[in-house]
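The values are calculated or read from the model by the stated rules, or taken from the named source; none is laboratory data. Predicted, not measured: the structure shown is a model, and the values here were computed from it. Here Cβ is always computed from backbone atoms with ideal geometry, including for glycine, and neighbour counts include all displayed protein chains. Remember, those area values only see protein heavy atoms, side chains included, never the ligands or the DNA or RNA. Shrake-Rupley method; radii C 1.70, N 1.55, O 1.52, S 1.80 Å.
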Amino acid sequence: MKKLGLIGGTSYHSTIDYYRMINEKVGDKIGRDQNPPLILYSLNIALMRSGDEEKIKNEYLRISKELISIGAEGIIICANTPHMVYDFVQARINVPILHIGQAIGDFAIKNNFKNLGLLGTKPTVKKKFLENYLKENYPLDITLPEESEIDQIHHYISKELTQGVFSKASKEYFLEQMKSLEKKGADAMILGCTELPLLIKQEETEFNLIDTTGLHVDLAVNFILGQ
């Protein structure tokens, strides 16, 4: 098995799911009497809240190099928003970063989705790093929330979900946003914050949900097992 380095902490709630699910899914394939070699670095989420892009990029590079120095053969960033650092960091290290966009795009094509609604933090929506990755690598259209809703979406994510608060009000709000995205042409919804799959489950809605956490974990498992 290949040794994978995990960069988590944004937030620790979803990082726990990454760690648990990678272990479980590898165990499902090779037997639960084994588990994969993983190295986890959980950073302080205050780094992301600072909004200092240069500081964020350089810290993710430093952490990636530290993980590689102790044996990581690949890196997975356990959240959507920090993928803003992907181009900067990947160009400066010699092991692959498993991009969450690949997990999303492969799943969308497999399921014949054409237009993906994107729900995520303000940086994820406004900086377009995830949207651009998907458009550059897959024949997909991306539909964004109304400009007037982006701040409220970010508020629910940063002030509630990443702090472990999963309220009825936030669930109803995100379901309303999905209705709006569907009216604009989206045939599937990217849960582009790794806490959103903790808030809304596929069985609770008729919208086609793209669980970025679960799909990213599958990509990690395939890497670990060399598949």
Among the numbered conditions (1) open to solvent by 30 Å² or more (accessible area, probe 1.4 Å); (2) farther than 19 Å from G120 by Cα; (3) free of Cβ contacts under 8 Å to residues at least 60 places away in the same chain; (4) over 18 Å from the mean Cα position of the chain (by Cα), tell me where K2 comes up short.
(3)
Which numbered condition in (1) open to solvent by 40 Å² or more (accessible area, probe 1.4 Å); (2) touching a Lys or Arg at 6+ places or on another chain (Cβ under 6 Å); (3) small (G, A, S) is the only one that G71 fails?
(1)
So which helices (runs of 4 or more DSSP H) stay within the range 1-104 end to end and still have 3 or more residues that are at pLDDT 95 or above?
12-30, 53-69, 86-90
Go through the residues of the range 172-182 one by one and say whether even a single one is open to solvent by less than 10 Å² (accessible area, probe 1.4 Å) and closer than 26 Å to A46 by Cβ.
yes
What about G9, is it open to solvent by less than 40 Å² (accessible area, probe 1.4 Å), without any contact (Cβ under 8 Å) to a residue 12 or more places away in the chain and either within 23 Å of I93 (Cβ to Cβ) or in contact with a Pro (Cβ under 9 Å, 6 or more places away or on another chain) (or both)?
no
Residue satisfying condition, being open to solvent by 70 Å² or more (accessible area, probe 1.4 Å), within 20 Å of I7 (Cβ to Cβ) and either among the polar types (S, T, N, Q) or in contact (Cβ under 8 Å) with a residue 12 or more places away in the chain (or both), within set K122, K127
K127
So which residues in the range 202-216 are open to solvent by 20 Å² or more (accessible area, probe 1.4 Å), farther than 17 Å from E176 by Cα and either touching a residue at least 24 places away in the same chain (Cβ under 8 Å) or not in a strand (DSSP E or B) (or both), if there are any at all?
L215
